[in-house]
Every structure is written in structure tokens, then in C-alpha cells.
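Colleague: Pasting in a structure now, in C-alpha cells, and then I'll have a few things to ask.
Computed from the coordinates by the stated procedures, all read-outs in this text should not be read as laboratory data. Since the model is a prediction, treat every value here as computed from it, not as a measurement. Virtual Cβ from ideal backbone geometry, glycine too; neighbours counted across all protein chains shown.
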């Protein structure tokens, strides 16, 4: 499957759903499921066909679009985005699967979900930064509408409003940064490959870099939930329907990080050096502050939202380290966390649907009545604490190794924050939710049936596969990471053991 | 003299006169035919104007009247706006008293706009503007049994007269100091004229007059009242044709007549632009009347366009022209829906739009597309236009802090605008109270006008290349390149400004 076919599939699905009359609910769902399944299989085939060890772009496709303004349509994958594309399409399939409970205006829901999927894939696949931004916006708007219409909880209008304003402002500030990049580079294009070659010859002046980087960091940082621009995230995810929370926390949030990796690191190296320490401090804000906030949450979604922000702290730390190991680690975490966030929000959504509440104090002993969902939740929580065997472990470890040289204190803090605080709230959640006496008897439905297990099994399988075999990802990432990282002295190791060796 | 240069103006005038005369012989029951005829005529002229019929570049009346890429670019959009508005009148013809005259006035205002696009002289500019303004006095107060319409008409009359007075005074001072009113001749002597305070005062007063026309702060106060009070189709034409004509003249004066002075005043234009867009966005927040909301939104949009002008560069002018092209389609789609709903419900409060998603999917689609495009969301026309504008401003943001501040202010304005635009969408699809859900029948002509506008919004948003190319040619013909380059060197702007 070519990249453009991969990108067009969800949009074609959305068009197909649009053409089916409103009262054929089953057909809408069927089309959405088939479309996302095809997309996921296509992404797997692209991932398998991708040649590890090559740093440049593969499967490139190009078309002129607005030559007068210097914009073109350019798709391609390298190590940095190949894993993200695979993750995005798997999460999209899972998100479609868990949407069985949507009864209000299902047609519009599936159209929006498919547009969101296409937008997310487009953002990761586009090498022209204009289209990257374009597709990101295209995916964000359905997020807001889905939250407003199918959201849950009393707080949902406020949360929708907050997330809309935060993310739009963040995106626009980021766009200003990209527009400045366009004008300051003088390359008359936003095509990443062309820009990279151009700026290798004529790097941006220090003044320009110091102008562009803060805009990118604040703008795209807000999209990821960088401390202190994170307050939209937890309430937003608590109010969003499961599929939206999965897609946003898992996939769309990573677009901001992806832009920072692609643009901020290679194009503003001097400014990045200058801003590395402040960025690392803010990353600690994510790991420690958001982790601490998560400690106090008694609502399952707020807990997951804050823990997801804490994980983003590791990504920012790796970004601040800016070396090959750090960058490889960031991409590993992005993929792993995407799968994990989707799994946890999907399971939490299922739990809430079945029990009617997401208040941890009202739940308990669920492992007995919901053995599958409970078991999967235990695994998700353990993956979130960084237990080896899940994909998050190699990612976080790699970041910590990468950051050791520049920020030893922060690494110690992050290790404590990530492992200790994370361990405490995750284990406590497991204890309160799954063990102990069954409370209230508020269970209305049973465990997930065989069909409903599919999305969770897919995500868990991917988490375990990349956890046990991280080399399949890092072999693909490392050569490309070398092209964008600032510190290139350490050759890219493929395995964690080699990473440990190199860091000493 | 080569009269073929004026062929469009002559033909549209003839069309207007024909409509007026035909009314004498056509029975009242068949007056819809007049609307169809006028719209068909406008459509034929539109295809003629953008097709092979466009006259070659040249000047007439001793250089007063010019035909170039810019004039042809604008004329296409003026005829398009007239076509869509005339189509929209057809299904509402029963509610308009004096229908033939209404159509004819729309056509006469169009003639004024066509002349404005070609005006290359302060005198012709004034005449063209008066032709537009005077016909709009009548069009705004056309619904003469409704006090709101009359009130709007009086306000527009007083404000318009005031603006004209400023402009005439300014033109007199310009003529007094320069000895000519021709743009090219003034451009040739602008180095000396730039030192003459009388000339500068005259120019400033002329710009005040144009500022009224495009509703820029601090000359914006008429817009919300007039937009709200006027019949909706008049508002539609006011928001598209009249505003675009104002910008056509503003660009010609700024970049053809006095490019060097404009370059010196670029910060002033920038500040006015920022104030205009923030004022429009902030005041739109509490509005309940959708027409009034569109009035404030039109002020905010004038602000964005002024930012593009303040960039004083080819990319800035290209962005302004591209944005205007998309804006015209966007606003027409929105007003088509507002016209149908408000003439039916007798009100344009946001609550009468409640449940529109179920009452009439095509109307709901039209208003949604319009509002989403105005909010600058892909893949609509508004997104690409805003992107180009931001890019043009960003070109200078590296060297001038003013532009960086303007860039961030524009971002804030866009975010604010999301709030009020989405209020309209929420009311359409997810109303708070259960509204009247009787389906609304939409006539064929309205349907055609809506489809035309919606397709335009998507076409420009997804395949903007042809529009951008046209806008770039128009902007390139307008700006004396050497003068702009001179500014760039003077203000130490980056060379990238000309890309």
C-alpha cells in the first residue's frame, strides 16, 4: 500500500459513511471498522517493508500544490515517523472498535472519527510542514466537536471550551513559528527535505533561531501538554468519549512532539542548546508535578490524564538532551505511550460504561467480575510504571541514559518521579479498583465479550511486541535520529544494553 | 479612445437599464423572471470577464481608467458577488417591494465597483465610490416599512456623507499640492510630495474616507448597525462587493500612487489593523443577532487584511487578494442562509437558527461552511488565506518587533473568533431548547447560489493554486517593484519579503 493510499483510505471511508443514509447505523459502523482495519493492515505492511538502517526518506511521493507560494504535497517516512504511523493506525482501529456504545448521531461520529484518523496520519506522513499543520488542524477540529456532543460528565462544556481555546492558540503560535521559519530561512518552501538541505548550507542566524524556537516550544508544547500549559489535558480527557480520548491522548498529542523533533532540533540547534536547561526544568514539571497531581486523583480519567502528562515529561527530557540516544528514546516513548494511553483510556471507558462511574472510591473488587478488563487494566498500569516487558520500559530507560550526560540531577529526579510516584498511584489504583470487596454492586453488564476484546488485545500485543523486541523499532529510528540529533558523537545503539554501555 | 476597455461597465449598465425597462412590460406575477434575467446576465458577463472577453491591459480617459491584472481580478469577484446576490433575490422576490428596482440598483452598484477596480485617479475613485455609496443608501433602507432598515439607512447616509466629505477635502488638498490627481503622475513625484505636509494631510484624509468604506478602526462604528438593520441581501452585497471595492481602491492608492509613503506608514497601518481585528473579535463575543455578529466579524476581517497590506510586500498583497477571494465566497454562503432564515422568521437572533441541522441540511451546511471558513479552519478557503496573511506578516517579524506583536495579536484574534463562530454552529446542531423543527423549503435559485458559494469555499481551500497565481499576477502588476525594493532596503527588511 503506498503512503497516499494509506492516507486516503480513512477519508474515503468518511465519504462512504457520508453517502449512507442516517438510519443505517450498523452500516456506518461496519464501514468505519473495515476502513480503519484496512488502514492498520496497510500501516503494518509499510512498517514491514520499511528498510531499517537507511537514514533517508522511504516511499516518498510528491506533487505540486501551490507552486506560487512554495507549498507542495510531499509524503514520506523515515525512522522518526514510521513507528508513529503504525501506532496511529492501530489506535484508530481500536478507537473505532470501542465506539460500539455510541447511539446519538452515529453517522456524524464515525465521519469525525475517520477524518480524525486521516488527519493524524496526514500529519505524520506529510513532509511539507504546511500540510503537517493542515492535517493536524483537520484532526483537532473533530476532537472538539466529539467532546462537545458525545462527551461525558457535568464538566464537559467547560472542558471542551478549555481544550478548544488552549489547543487552537497553541497551534496558531506554533504556526507563527513555522511562518517565521519559512521567511527567515529564505528557502521559499516549507518542504522538510528541501529545508534540511538548504539550512545545512545556510543555517539560520542565532537571532532567528531565538525567535523561532520559543514560538515552536510554547505552541507545539501546548499541544503536547508541556508544563505549565497542561491544564487542559486531564479534564479534557475526562470529558471526552473513549474513542476521542484514545485518539487524542494516544496519537494527536504526539504531533506536537513530532514537530519539535523534526523542526526545532535540526533547524534551531543553537537556540536548542540555549533552551535545553529550561526545557528540562519544565519536563520535570511534567514528571513530578503532574505525577504528584495524579497521586491525589480519585477519578480514573483524571488519574490517567495526569499520568499521561507525566509520561510526556520524559519525552521533553529526551528532547532537551538532544543526542541520538535521547531522540531515539523520545520516539520509542511516543510509540509506546500512544499504544498505552489508548489502551488505558479504552479500558477505563469500558469500565465506566459497565459500572456507571469513574470514581475510584465507588469501585472495587472488579477483577472478580471483569476478569479480562481487570487483567488488561493491571497490565496497562504496570506498563505505565515502566515494568520491563512493555514497550514503555526501553523508551524511558533510553531517554534517561540519553539525558544522563547533560542533566544527571534531572535524570535522578525523573527516575524517582516516574518510577516511585508512578508506582504509587498505579499500584494504589490497582488495589482500589480491582481488589478488595465489591462495592455498591453497581455492575450492570459483564466482562468484554470476545469481539470487544479485540481492540484491547491488539494494543496489548503491540505493547508487548515492542517491549520484548524494541530493536524492531530502534533499528529503524536510530539512523534517522542521527540526522536530527544535535550531539552525534555517540553512535546509535540498537539495544538497551548497548545504550547502557555507551552512557558509562 | 479604446472604448472596449469599458465594455464590462457599459454592458452591466445596459443590463441594469434593461431590467428597469422590462419591468414596465412584465406582469407583476412574473417578476421572478427579472431576477433570473439579471442573474443570467451577470453570469454571462462573469464568464465573459474571466474568459476570453477580458480586455487587454490599457488605459482610457487620459490615464484615469486602467485595465490591468488587478482590475480584472477584482472585476471577476464583483460580478460573482452580484450574480450570487441576484440569484438569492429570486426566491425572496415576493418580500421585496419594487423588485425590479432592487435588481437594477444591485447592478448599478456593481458598475460602481467595476469602476473602482479600474480607478487610477483620485477623481474617478471618488466618483466610483459615490456611485457605490449612493446606491447603497437606497439598498440599505429598501425595507422601508421596517424602522430598523430606515434607521440603518440614515446611519449609513450620515456616515457615508461624512466619509465622502473627508475624502473630497483630502482630494482637494492632494490636487492643490501635487497639481494632479492621477496615480501614476503622483507616483512619479512622490519623493518631493512626501515632504509636503499639505499632501500628506490630504492623503491621510483620503485614507480616512477609505477606512470608512472598509470599516477599519476608528471608522468602524457604522458597520454593525448597518449590517444588522439592512435587508440581508443588501448586507451580503455590502460585506462582499463594497468591502472588496474599498480594498481595491486602498491597494491602488497605497501601492500604485504612493508606495514610498505607504512603506513609511506601514507601522500605522499595522497598528490600525491590530486594533481593528481585536475590536471586531472582542465586540462579536456577546452578540445574539447573527447579522450584527457578521458586522463585527467583517470588521475583524478588515483588520486581518490590513495586516497583509502593512507588510508592504508582494507576498502581503498576494495574501490580501487571495484572502479577499475566499472571503467573498465564504460570506456569500453565510448570508444566503441568513437571508432565507431571517426573512422567514422575521428575526436574525441566533435562536431562530436552532435546529437548522434538522430543518434544512443544505442551509445548515452553507452556514457551517461559511462560519468554519471564517474561523480559519482547514480545508476551507479561510484557512489558506489566513495562513498566507500570517506568513506575510511573519516575513517582517524577524526584524521588527511590531510585526511579531501583530502576529501574536492575530493568533489571539483567531482564537477569540472561534468562540463566537462556534456559538452559531452549536445553536444550529445542538440547541439548548427544543426548537420548531418544521422543514424549510429552499428554492432552486437559492440552492444554486449556495452550491456555487460552498464549492468556491472548498475549491479555494483545497486547490488554491490558480487563485494564488492570479492574485500574485495582480499584486505584481500593482506594486511598482522598484519602489517596494527601495523600502525593503530602507527598512532593512529581509530579502525574503519579495517571495
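Colleague: So what is log10(I(q)/I(0)) for segment A:3-503 at q = 0.12, 0.13 1/Å, when the Debye sum runs over its Cα atoms only?
Modeller: -1.02, -1.21
Colleague: I would also like to ask the following. Please determine, in degrees from 0 to 90 and to the nearest 10, the orientation of helix B:465-478 with respect to the longest principal axis defined by the Cα atoms of chain B, where the helix direction is its Cα long axis.
Modeller: Result, in degrees: 40.
Colleague: How large, in Å, is the protein assembly as shown by the Kirkwood hydrodynamic radius built from its alpha-carbon pairs?
Modeller: Here the Kirkwood hydrodynamic radius works out to 29.8 Å.
Colleague: Roughly how tilted is helix A:79-97, in degrees to the nearest 10 and between 0 and 90, from the longest Cα axis of chain A?
Modeller: Helix A:79-97 sits roughly 20 degrees off the main axis of chain A.
Colleague: OK, next. Order the peptides B:64-72, A:410-418, B:83-91 from the highest to the lowest mean number of other Cβ atoms within 10 Å of their residues. Don't jump to the answer; show the numbers that get you there.
Modeller: Details: B:64-72: 22.8, A:410-418: 19.9, B:83-91: 26.6.
Answer by packing, highest mean first, reads B:83-91, B:64-72, A:410-418.
Colleague: Under 1.5 on a/c is rounded, so check that first for segment A:238-303, then, if it is not, pick prolate when a/b is larger than b/c and oblate when it is not; a ≥ b ≥ c are the square roots of the alpha carbon gyration tensor eigenvalues. Please report the intermediate quantities before stating the final value.
Modeller: On the way: a/c = 5.93, a/b = 1.55, b/c = 3.82.
Oblate.
Colleague: Do the sum for the protein assembly as shown: with -39,500 (n - 2.57) for every DSSP H run of n ≥ 4, divided by all residues, what is the mean residue ellipticity at 222 nm, to the nearest 500 deg cm²/dmol?
Modeller: Numbers: 46 runs with 718 residues, N = 1003.
So the calculated ellipticity at 222 nm is -23500 deg cm²/dmol.
Colleague: Based on the alpha-carbon gyration tensor of segment A:39-155 and its eigenvalue square roots a ≥ b ≥ c, which shape applies: rounded if a/c is under 1.5, prolate if not and a/b is larger than b/c, or oblate? Working shown, then result.
Modeller: Numbers: a/c = 2.84, a/b = 1.56, b/c = 1.82.
Oblate, since a/c reaches 1.5 and b/c is not below a/b.
Colleague: Please compute the contact order of segment B:266-499 in relative form: average sequence separation of alpha-carbon pairs under 8 Å and at least six residues apart, divided by the residue count, as a percent. Could you put the intermediate results ahead of the total?
Modeller: Working: 352 pairs, mean separation 67.5, N = 234.
Across segment B:266-499, relative contact order equals 29 percent.
Colleague: Could the peptides B:203-213, B:187-197, B:468-478, B:370-380 be put in order, highest first, of the mean number of other beta-carbon atoms found within 10 Å of their residues? Each step should come with its number before you reach the end.
Modeller: On the way: B:203-213: 23.2, B:187-197: 14.2, B:468-478: 20.6, B:370-380: 25.5.
Final packing ranking: B:370-380, B:203-213, B:468-478, B:187-197.
Colleague: What ranking of B:446, A:398 emerges when the number of other C-beta atoms within 10 Å of each C-beta is taken as an exposure proxy, fewest first? Numbers along the way, then the final one.
Modeller: Details: B:446 24, A:398 30.
So the ranking, lowest neighbour count to highest, is B:446, A:398.
Colleague: So what's the angle, to the nearest 10 degrees on a 0 to 90 scale, between helix B:197-214 and the longest Cα principal axis of chain B?
Modeller: Roughly 20 degrees between the two axes.
Colleague: A further question follows. Within 10 Å of each Cβ of A:65-77, how many other protein chain Cβ atoms are there on average? Present the calculation step by step, with values, prior to reporting the outcome.
Modeller: Working: counts 5, 10, 3, 12, 15, 2, 6, 0, 0, 0, 0, 0, 0.
Whole-number average of other-chain Cβ neighbours for A:65-77 is 4.
Colleague: How high is the relative contact order of segment A:3-503, in percent, with contacts defined as C-alpha pairs under 8 Å that are six or more residues apart?
Modeller: 17
Colleague: Could you check the simple spin-label distance between residue B:30 and residue A:428, using points 7 Å along Cα→Cβ, in nm with one decimal?
Modeller: Here the modelled spin labels are 8.5 nm apart.
Colleague: Follow-up question, since we're still on this one. Taking only C-alpha pairs under 8 Å that are 6+ residues apart, what is the relative contact order of segment A:1-119 in percent? Write out the running numbers ahead of the final one.
Modeller: On the way: 131 pairs, mean separation 47.0, N = 119.
Over segment A:1-119, the number comes to 39 percent.
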